[in-house]
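Here's the structure, in structure tokens; my notes come after.
Bear in mind these aren't lab numbers, they're just calculated from the coordinates by the rules spelled out. The structure displayed is predicted, hence computed values, not measured ones. Here the Cβ positions follow ideal geometry from the backbone for every residue, glycine too, while neighbour counts run over all protein chains shown.
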Amino acid sequence: MKKSFRYIVLSFVILMGLSAPQAFAGNKDRSGQAGASELLINPWAASSGWGNAGMSFVHGVEAMFGNVAGISSCNTLDLNFTHTSWLVGVGNDTRISSFGVLARVGESSVLGLSFMSFSIGEVPITTTQNPDGGLGTFKPNLMNINLAFAKSFSNSISGGFNLKIISESIKDMSGVGVALDAAIQYVTGPYDNIHFGVTLKNIGPTMKFSGDGLSFRAFLVEGSTQQFTMVQRVDDFELPTQLSIAAAYDFLFAETNRITVAGNFSSNSFTNDQFTAGLEYAWKEILMIRAGYTYEKGIWSKNGILDDPDCMNINRGLSAGLSVQVPLTKKEDGMKLAVDYSFRDTYTFNGTHSVGARIIF
């Protein structure tokens, strides 16, 4: 067991070394230069309710986004479906649909699969000759597929990896990429009430778009009837690498009440670093109420990205949520049904709302 743990720690250190030029080279001048920024959006309702503060504490399907080592807590089977209304009032009613499943495949190993799909709505087609549209519409498609594996090396230590397949496309142009997450969770304390976690996310090669949308017909010379096809060159782009270090502490009262204080630091390669603090109260692990606040440089400006060049986030930093988790059997580790909700405040529009349902076996 100790030998296996050494292997995963070594793998994690190697990944950190390979990604160091990306993970720690970020500055505000690079903002907007990365692609696939949807990789940094948490699509799940429970964990987003306290602003990703619980990355050392996250478990179940949602751990595939936060800290993939957390999926090792799955007993037999976990299912999660979440619907997110992203930036309500933005115009096209952007929706995020997410589904995930976990299955235990051994005494200490868990496999996971999840999908996250963006529905951005219909966008008018415009050209230089028709800047006001009138040529119809197109629908952008964004989808991420996650294949995860995690293993518990002891009652205290677990680690895991998550392979991401990234797909972005419109009618005549698309881009496909892959990325890898690696994470470790550590639990200690007299009641397993002290949590630590480290996650390295979105490590992978650059992406590049291709397709007929990059070509157009042109005349050989002015006034000529001879045409030829020109293909525009496009640059590849990097993925938004992120390193997160998190910790949490559970205060236990009268065997039925829990208050968890959690914090998370995220170092982003293409945006500002973020500090998140969160608080969660649980009654018998049936009712959970949580809130969090994420701070980054420029987030306290009056109108956010509209008037402060240091602000690179439309979110104000405040998030809140709740979960109701009902046991369906008398067994402590029996089947449970849970409903989650979260809200994330934004400078403009009407915030982001997520509603999710979980079935835990």
Checklist outcome for this item: FRET efficiency for Ala218 and Leu135 from the Cβ-Cβ distance with R0 = 22 Å, rounded to 0.05, comes out at 0.65
Checklist entry - Using the Karplus equation 6.51 cos²θ - 1.76 cosθ + 1.60 (θ = phi - 60°), what ³J(HN,Hα) coupling, rounded to whole Hz, does each residue of the range 339-344 give in order, writing x for Gly and Pro? => result 10, 10, 9, 9, 10, 10
Checklist entry - Under the rule of -39500 (n - 2.57) per DSSP H run of 4 or more residues, summed and divided by the residues of the chain, what mean residue ellipticity at 222 nm is obtained, to the nearest 500 deg cm²/dmol? => result -2500 deg cm²/dmol
Item to check | Highest average packing first - 225-234, 308-317, Cβ atoms within 10 Å | outcome: 308-317, 225-234
Next on the checklist: Per-residue counts of other Cβ atoms within 10 Å, averaged by peptide: what ranking do you get for 320-333, 135-148, 44-57, highest first?
Outcome noted: 44-57, 135-148, 320-333
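Only four residue types carry charge here, +1 at the Cβ of Lys and Arg and -1 at the Cβ of Asp and Glu. Report the dipole size of the range 214-337 about the Cα centre in Debye, rounded to the nearest 20.
The calculation lands at about 500 debye.
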Next on the checklist: Which one, Tyr347, Asn315, Ala277, projects farthest toward the positive side of the charge dipole computed for the chain from Cβ point charges (K/R +1, D/E -1)?
Outcome noted: Ala277
Item to check | the chain - charge dipole about Cα centre, Lys and Arg +1 at Cβ, Asp and Glu -1, debye rounded to 20 | outcome: 780 debye
Checklist outcome for this item: In whole µm²/s, the translational diffusion coefficient that Stokes-Einstein assigns to the range 185-267, given a Kirkwood hydrodynamic radius over C-alpha pairs, 20 °C and 1.002 mPa s, equals 117 µm²/s
Checklist entry - Taking one equal scatterer on every alpha-carbon of the chain, how large is log10 of I(q)/I(0) by Debye at q = 0.09 1/Å? => result -0.54
Checklist entry - Tell me, what ³J(HN,Hα) does each residue in the range 73-79 have, in order and in whole Hz, if you take phi through Karplus 6.51 cos²θ - 1.76 cosθ + 1.60 with θ = phi - 60° and put x for Gly and Pro? => result 6, 4, 6, 10, 8, 10, 10
Checklist entry - Given the pairs Lys139/Lys297; Lys171/Lys302; Lys151/Lys331; Lys201/Lys297; Lys164/Lys330; Lys164/Lys302, which are separated by over 28 angstrom at their Cα positions? => result Lys139/Lys297; Lys171/Lys302; Lys164/Lys330; Lys164/Lys302
Item to check | Two-decimal log10 I(q)/I(0) for the range 253-313, as the Debye equation yields it once each C-alpha is a single scatterer, q = 0.17, 0.30 Å⁻¹ | outcome: -0.67, -1.15
